[in-house]
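Colleague: Quick one: the structure is below, and I'll ask about it shortly.
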Amino acid sequence: MMLKSIAIATLLFSTGAIAADKTTSMSVEEFQQSHVIQNCGYWVEREIEVCDERVVYDNEAYKQCNYNRTYTTSPSMFPTTYSISMAVNAQCYNDKTLGVPGHTPHAVYALSGEEIKYRQVSRTERYNCRIETRMVWVPGNPRTCGNPDY
């Protein structure tokens, strides 16, 4: 029983010590503002356009050109089929060479077909646009502000 009370007293003492060590504080830094002397600057009023923005997803069409391999110097390096994506209004090439033609390794592909496919693309849309007036202080020359005779 005595051992139990010593253990509980030790636990309470150590918990109290830990709680005493955890002091919470908040520090606030104050930045000193410099006083602006008259005639050492001017206010500029600007009208700016401010808009809210959101991401919108659209389906975009593209053309996929599909090719079959007709010749290769290295069958293990080049796949039997090859596809390339292009703009919808672009023309697929009749044949395509991968690698440097005339050098080893390279492969020649013939056009086997083309497909129009769609993919989802994101774009940023602006909405709720409005004109706001902002005032901006433009300081004068700091060398002449303190000494008007400069």
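Colleague: Tell me the residue from VAL121, VAL100, VAL108 that is within 30 Å of GLU49 (Cβ to Cβ) and aliphatic (A, V, I, L, M), please. Even if it seems obvious, please write down each step before you answer.
Modeller: On the way: VAL100 fails: within 30 Å of GLU49 (Cβ to Cβ); VAL108 fails: within 30 Å of GLU49 (Cβ to Cβ).
When all the criteria are applied, what remains is VAL121.
Colleague: Further question on the same structure: Kindly indicate the residue of the range 23-76 that is of a type in the set (Val, Ile, Thr), exposed (fewer than 10 other Cβ atoms within 10 Å of the Cβ) and modelled with pLDDT under 90 and also nearest to THR133 (Cα to Cα) among those meeting that condition.
Modeller: Taking the range 23-76 and keeping what is of a type in the set (Val, Ile, Thr), we get 23-24, 28, 36-37, 44, 48, 50, 55-56, 70, 72-73.
Checking the rest, the ones that are also exposed (fewer than 10 other Cβ atoms within 10 Å of the Cβ) come to 23-24, 28, 48, 55.
With the extra rule that they be modelled with pLDDT under 90, the set shrinks to 23-24, 28, 48.
Working: THR23: 46, THR24: 42, VAL28: 31, ILE48: 6 Å.
Once the filter is applied, the top-ranked residue is ILE48.
Colleague: Something else now. Would you point out the residue of the range 111-128, among those that are of a type in the set (A, V, I, L, M, F, W, C) and over 23 Å from the mean Cα position of the chain (by Cα), that is surrounded by the fewest Cβ atoms within 10 Å (Cβ to Cβ)?
Modeller: Just the residues of the range 111-128 that are of a type in the set (A, V, I, L, M, F, W, C), to begin with: 111, 116, 121.
Right, trim to over 23 Å from the mean Cα position of the chain (by Cα) and you get 111, 116.
Working: LEU111: 14, ILE116: 9.
So, considering only residues that are of a type in the set (A, V, I, L, M, F, W, C) and over 23 Å from the mean Cα position of the chain (by Cα), the one surrounded by the fewest Cβ atoms within 10 Å (Cβ to Cβ) is ILE116.
The values are calculated or read from the model by the stated rules, or taken from the named source; none is laboratory data. Just so you know, these numbers come straight off a predicted model, no measurement behind them. When we count neighbours, we look across all protein chains shown, and the Cβ atoms used for this are built from the backbone with ideal geometry, even at glycine.
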